[in-house]
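Below: the structure, in structure tokens.
The values are calculated or read from the model by the stated rules, or taken from the named source; none is laboratory data. Note that the coordinates shown come from a computational prediction; the quantities given were computed from them, not determined experimentally. Glycine gets a Cβ as well: all are built from the backbone with ideal geometry, and neighbour counts include every protein chain shown.
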Amino acid sequence: MAISRTIIIALLFTVTAGYGHAGDRVWDPEPGAKTQKQDAASIQKLLDKELRAKFDAAAKSNHLLTAKGAKDAGWGVIVDHYDEIDRDSDGYLTFDEVQTFFDARSPLATARARAAAKVQVVE
């Protein structure tokens, strides 16, 4: 049950990342391509790769994402949560900030652990 829920969330994340046919990315390999078993680690690796590609395309050459850049790229989830993601309130997002935002909402244990490791508690 846990892996099927994970796959559903991964597919939803892929759609959120800008791909119209999320199932095509996970389930339809190229003709003649060797298929791989889908497990949590392979899904996380695929999501990390796609997140990096989407971020780099939206951030352009300076590797910093502005609200305008996110809007121009059609990345609505980032636009909607921009202030929440920009934890240091410097007016732009780094890849690390965006990845932490998505990791904290992931059903995959490795992503949640990665996000928890980045949380800084100030007393």
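Some notes on this structure:
- Selection count, the stretch 34-83, where residues are of a type in the set (S, T, N, Q), surrounded by fewer than 19 Cβ atoms within 10 Å (Cβ to Cβ) and either under 22 Å from P107 (Cα atoms) or touching a residue at least 24 places away in the same chain (Cβ under 8 Å) (or both): 4
- Whichever residue in the stretch 77-110 is in contact with a strand residue (DSSP E or B) (Cβ under 7 Å, 6 or more places away or on another chain) and in a loop (DSSP other than H, G, I, E, B) and, among such residues, is farthest from A41 (Cα to Cα): Y92
- Applying the criterion of at least 2 residues that are at pLDDT 60 or above and small (G, A, S) to the helices (runs of 4 or more DSSP H) found wholly in the stretch 2-76 leaves 2-16, 40-59, 67-72.
- Residues of the stretch 84-103 classified as touching a Lys or Arg at 6+ places or on another chain (Cβ under 7 Å) and without any contact (Cβ under 8 Å) to a residue 12 or more places away in the chain, total: 0
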